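Here's the structure we're looking at; comments come further down.
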Amino acid sequence: MADVEGGRMVSGVFSQMVISFYYGGKLVGQTTTTSPDGCCLSLSQPGLPSTKLYGPEGLELVRFPPADTIPSERQRQVTRKLFGHLERGVVLHSNRQGVLVRRLCQGRVFYSGNAVLCKDRPNKLERDEVVKVFDTCQFFRELQHFYSNPSRLPDSRVVLCFGEEFPDMTPLRSKLILVQIEQLYVRQMVEEAVKSCGAGSMMQAPRSPSQTRSSGCFPTFVPPTRDPFSEKTNRSQFKSLSWAPHPAHISYFIITITIVII
């Protein structure tokens, strides 16, 4: 009985995620999830009956911050246009095995994470497909190697970019919507590793996308003649997720979602 309770406690620790929202490279919101069933990032209003259709009832609803704080009027308009294709959002699940994501919205999403095979080109998240974007076991192997041979910390983050291909050569400050996800426990372990080594040069790349490129004005966005964000499909309605955590792994991740429409 004690082993069962202990297993639940461990699973609960690794289910918590720190989710940060960036509009135009600037931090506009951050939250830490608590539900062991995962969360749904969307624009749905809490309490609406339709929200339950987007995933299991135990999902925690995390809403995109409003675009009101964006200083550029042009950027606000385009971001709100993109919002129109994100209502269903994406479902995130974190456990001891890693981080999983499922895209439900019409808008396209691109991502990066340590479980991505091709890191030098955009990686699109297909609709209704469950994808593992972060491998916790791999992260801890790399972290163990770091303690043995201190050099550079392994990346603990997942990044999702909405409405635009990612990763690419475009500065992150130019991206309309980026969502960064980290598992809380893994994030804390990274911070402890930095303290124990006491060397800033061993840290990961800056956590804020706005700091990864030189500063500058947000580029003028000229909308194309057709809607760049919407992807019309005849997919069936979202079916319940079947997550299968592995008892031998620990989960942590950061997600950046990019939605681009061809």
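We did not get these values from a lab; they are worked out from the coordinates using the rules stated. Only a predicted model underlies this, so the values are computations on that prediction, with no experimental measurement involved. We place every Cβ from the backbone using ideal geometry, glycine too, and count neighbours over all the protein chains shown.
Among 181, 70, sorting on how many other beta-carbon atoms sit within 10 Å of each Cβ, with the fewest leading, yields 70, 181. The trypsin sites (Lys or Arg not before Pro) of the stretch 74-145 meeting both criteria, a DSSP state outside H, G, I, E and B (loop) and at most 15 other C-beta atoms within 10 angstrom of the site's C-beta, are 119. Length gained on full extension, residue 142 to residue 117: 7.4 nm, using 0.36 nm per residue less the C-alpha separation. As a proxy for reagent exposure, 93, 145, 85 were ordered by neighbouring Cβ count within 10 angstrom, fewest first; the result is 145, 85, 93. Among the listed pairs 81/124; 81/119; 81/132; 26/119; 119/195, a Cα-Cα separation exceeding 26 Å is found for 81/119; 81/132; 119/195.
I want the antiparallel fraction of DSSP beta bridges within the stretch 12-204, as a percent rounded to 5.
Numbers: 36 of 41 bridges.
Within the stretch 12-204, antiparallel bridges account for around 90 percent of the total.
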